Amino acid sequence: MNSISKSAAPGLLLSVLLAIISVHISNSLPSHIIGASVIALILGMLINPFITSYPMFVSGLTFTSKKVLKLAIILMGVKLSFQQIFQVGKFSLVVMTFTLLAAFGGGYLLGRLFKMDWRLSSLISAGTGICGGSAVAAVAPVIDSDEGQIAYAISATFIFDVIMVVLFPLMGVYLGLSDLGFGLWAGTAVNDTSSVVAAGYAFSDAAGDYAVIVKLTRTLAIVPVVLIFSWIGARVKRRECQDAEICNVSIKQIFPWFILLFVLMVGIASTGVIPESTRMLMSNTSKFLMVMALGSIGLKTNFSKLSKSGPLPMVHGFMISALVVVVSFAVQSLLGQI
């Protein structure tokens, strides 16, 4: 055990250092327009060429990108509660249902059209339909995505988010949306949490409050989506397997147990037994661990190799994100919420 922790120490320390720098940069930006996780991912990819010749980092980066990532997702459940579903109301759940169908249905069709790897296409759809980098990180382990696919998927959703932070409030004013209408629109159509916060509060404080509640409720969609993709991943493994005996995939092997712990954490948070100060501490710890994990993924990702995927996955991400924006607005219009 000591030998494992010693071998992992350099990579873990590098991840911690990168996370601290990324959080500082994010906090220095106006309205935290770019989340620390995305900054860590990009910085990690830029640093990658300088550390590839140092194998001492490999063990710790692998541990951080896999184990620490799952711990971050589990702890993320502490800031959610099932009561939020009732707070947001039936209209937002209807809108979210349609935006999820648009993200995954449209993503599947565009992925086939562009002849993309189904894993990358699915990650982009998850990031767009649910909650940006957190959703990408949660789905990736159950479909055996590599670091390059994770990095590309997060990058695709991040660039669209940066544009939407600027355009969304302007479009909201132009369309004459109410605080509730704009909050519902931003909460269901903008991807990353930091971008939702920036766009929502740029419109008004009330719209920002609504957008955050909708966005947190949308995060709960991680649970069914990860379970569905774990089943899909198992089917693909069986189909790709040459030797059925050696490659037999059991439910126990592919079941995402960390998602059950995430649900348990949401359930505990829903009871109100965790003091608010403790919830804040656990939530902040979750955010920092997520920054560490995505930073380590960036540190393991070769940017030149990533660029070989070409522009189509990025176009895919933009088209799906735009589709979700349009579907969210259209459904709200039909429901009389706009």
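For segment 112-165, what's the relative contact order in percent, using C-alpha pairs closer than 8 Å and at least 6 residues apart? Dividing the mean separation by the residue count of segment 112-165 yields 38 percent. Between Asp144 and Met56, residue separation times 0.36 nm minus the direct Cα-Cα distance comes to 29.3 nm. Normalised by the number of residues in the chain, the average gap of Cα pairs under 8 Å and 6 or more apart makes the relative contact order 34 percent. With the charge dipole of the chain set up from +1 on Lys and Arg Cβ and -1 on Asp and Glu Cβ about the Cα centre, the Cα lying farthest toward the positive end among the listed residues Gly208, Leu175, Val236 is that of Val236. Extents of segment 120-204, largest first, come to 44, 19, 17 Å (Cα atoms, principal axes, whole angstrom).
Listed values for segment 128-137 are Karplus-derived 3J(HN,Hα) couplings in whole Hz (6.51 cos²θ - 1.76 cosθ + 1.60, θ = phi - 60°), namely 6, x, 10, 7, x, x, 4, 5, 4, 5, and x replaces Gly and Pro. Only one of the values (i) 40, 21, 18; (ii) 31, 23, 21; (iii) 44, 23, 17 was calculated from this structure for semi-axes √(5λ) of the Cα gyration tensor in Å; name its label. Label (ii) holds the value from this structure. Rg ratio for segment 29-137: its Cα radius of gyration over 2.2 N^0.38 Å, N being its residue count, equals 1.35. Normalised Debye scattering of segment 67-212 at q = 0.18 Å⁻¹ gives log10 I(q)/I(0) of -1.11, counting only Cα atoms as equal scatterers and leaving out solvent. Taking Arg238, Arg279, Arg218 as the candidate residues, the one with maximal mean-square fluctuation in a Gaussian network model of the chain, Cα springs under 10 Å, is Arg238. Helix 193-203 and the longest principal axis of the C-alpha atoms of the chain enclose an angle of approximately 20°.
Exceedance of the 18 Å cut-off in Cα-Cα distance is limited, within the set Lys66/Lys115; Lys67/Lys287; Lys79/Lys287, to Lys66/Lys115. Dipole magnitude for the chain: about 660 debye, using +1 per Lys or Arg Cβ and -1 per Asp or Glu Cβ, origin at the Cα centre.
If one takes the longest principal axis of the Cα atoms in the chain, at what angle in degrees, from 0 to 90 and to the nearest 10, does the Cα axis of helix 257-271 lie? It is inclined by approximately 40 degrees.
About the centre of its Cα atoms, segment 197-242 shows a dipole size close to 480 debye [charges on the beta carbon of Lys, Arg (+1) and Asp, Glu (-1) only; nearest 20 debye]. A simple spin-label model places pseudo-atoms 7 Å from Cα toward Cβ; at Thr97 and Asp205 they are separated by 3.5 nm.
No lab work stands behind these numbers, since they all come straight from the coordinates. What you see is a predicted model; the values in this text were computed from it and never measured. All Cβ positions, even for glycine, are placed from backbone atoms using ideal geometry, and neighbour counts span all protein chains on display.
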